[in-house]
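> Please find one structure pasted underneath; my questions will follow.
The values are calculated or read from the model by the stated rules, or taken from the named source; none is laboratory data. This is a predicted model, so every value here is computed, not measured. Every residue, glycine among them, receives a Cβ derived from its backbone with ideal geometry; neighbour counts consider all protein chains shown.
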């Protein structure tokens, strides 16, 4: 067996493994779309048919749009996700720059604290945060949905890793030209770190657009419901859940995230790759 044939064979095997892995990852998404096209009796029958036997796509999607204010849910999700991302970047960019490029007492201890925060799930402080928001009367408001996530330890760490790859000579040149540290940060370093910022933005928007745990706690009315919270309104313990309409709603609110990732794919990959070059 020649060496070139062995390389081709290994390439075919690798692509076959990746294809199988991709199918396994995409299977829940494919099944969600398939379910949104089925009638309720077919969904409840337990038969594993990827292609619907009886099509009910128009009925399910019409019911999803007509039963609940889908556009309102998506608008709320956009407002909440964008506001959280803006606040996180305002905190993460200066903090990451200070950790990566400035020398100050306690820097390593602060970095260790950031890494410790990465190990704490956001569900852990949910009760004291809820009590605090309830005490000041902010439950069922945009503030309750946004404020608890203004700080992102992951964002600081990711941007810090990327800032470490930026040459110090670039920053020294800015100082020689008389630029302040603030000007260097926002006019020199931040534009250079666009791939890492895009990568973090994708992570942040997807996480908070899809978050159900916190909106389920602090939101009680449809007017402020985010997309996942809005999907819950299809649940009906008395008359049974309409899974076809629920899956149609899920497809509608998932589509913007798929488009976002496809649009930002190149910069997302660049940001993740470059952020791991230097510790």
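So that you can scan it fast, the table gives a plain yes or no per residue for (1) in contact with a strand residue (DSSP E or B) (Cβ under 9 Å, 6 or more places away or on another chain); (2) under 29 Å from residue 209 (Cα atoms); (3) at pLDDT below 85; (4) surrounded by fewer than 13 Cβ atoms within 10 Å (Cβ to Cβ):
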| site | (1), (2), (3), (4) |
| --- | --- |
| 36 | no, yes, no, no |
| 41 | no, no, no, yes |
| 69 | no, yes, no, no |
| 77 | no, yes, no, no |
| 92 | no, yes, no, no |
| 101 | no, no, no, no |
| 109 | no, no, no, yes |
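> I would also like to ask the following. Just to be sure before I move on: is residue 177 surrounded by fewer than 17 Cβ atoms within 10 Å (Cβ to Cβ), without any contact (Cβ under 8 Å) to a residue 40 or more places away in the chain and either out of contact with any helix residue (DSSP H, G or I) (no Cβ under 8 Å at 6 or more places or on another chain) or within 22 Å of residue 152 (Cα to Cα) (or both) in the structure I sent?
Answer is yes for this residue.
> In addition: Pick from 144, 196, 201, 124: which is buried (at least 20 other Cβ atoms within 10 Å of the Cβ), under 30 Å from residue 228 (Cα atoms) and over 18 Å from the mean Cα position of the chain (by Cα)?
That would be 144, the only listed residue that is buried (at least 20 other Cβ atoms within 10 Å of the Cβ), under 30 Å from residue 228 (Cα atoms) and over 18 Å from the mean Cα position of the chain (by Cα).
> Can you tell me which residues in the stretch 207-231 are exposed (fewer than 15 other Cβ atoms within 10 Å of the Cβ) and in contact with a helix residue (DSSP H, G or I) (Cβ under 9 Å, 6 or more places away or on another chain)?
Answer for the stretch 207-231, where residues must be exposed (fewer than 15 other Cβ atoms within 10 Å of the Cβ) and in contact with a helix residue (DSSP H, G or I) (Cβ under 9 Å, 6 or more places away or on another chain): 212, 213, 216, 222, 223.
> From (1) in a helix (DSSP H, G or I); (2) at pLDDT below 90; (3) surrounded by fewer than 19 Cβ atoms within 10 Å (Cβ to Cβ), pick out the condition that doesn't hold for residue 165.
(1)
> Right, residue 188: in contact with a helix residue (DSSP H, G or I) (Cβ under 6 Å, 6 or more places away or on another chain), touching a residue at least 40 places away in the same chain (Cβ under 8 Å) and assigned to a helix (DSSP H, G or I) or not?
No, not satisfied.
> Sticking with this one: Confirm whether residue 138 is surrounded by 15 or more Cβ atoms within 10 Å (Cβ to Cβ), over 27 Å from residue 249 (Cα atoms) and in contact with a helix residue (DSSP H, G or I) (Cβ under 7 Å, 6 or more places away or on another chain).
yes
> Can you tell me which residues in the stretch 148-163 are without any contact (Cβ under 8 Å) to a residue 60 or more places away in the chain and under 22 Å from residue 228 (Cβ atoms)?
Correct list: 154 only.
> Can you name the residue in the stretch 257-271 that is in contact with a helix residue (DSSP H, G or I) (Cβ under 7 Å, 6 or more places away or on another chain) and surrounded by fewer than 19 Cβ atoms within 10 Å (Cβ to Cβ) and, of all such residues, is modelled with the highest pLDDT?
Looking at residues that are in contact with a helix residue (DSSP H, G or I) (Cβ under 7 Å, 6 or more places away or on another chain) and surrounded by fewer than 19 Cβ atoms within 10 Å (Cβ to Cβ), I get 257.
> Please indicate, with yes or no, whether at least one residue in the stretch 146-154 is assigned to a helix (DSSP H, G or I), more than 27 Å from residue 221 (Cβ to Cβ) and at pLDDT below 90.
Taking every residue of the stretch 146-154 in turn, none turns out to be assigned to a helix (DSSP H, G or I), more than 27 Å from residue 221 (Cβ to Cβ) and at pLDDT below 90.
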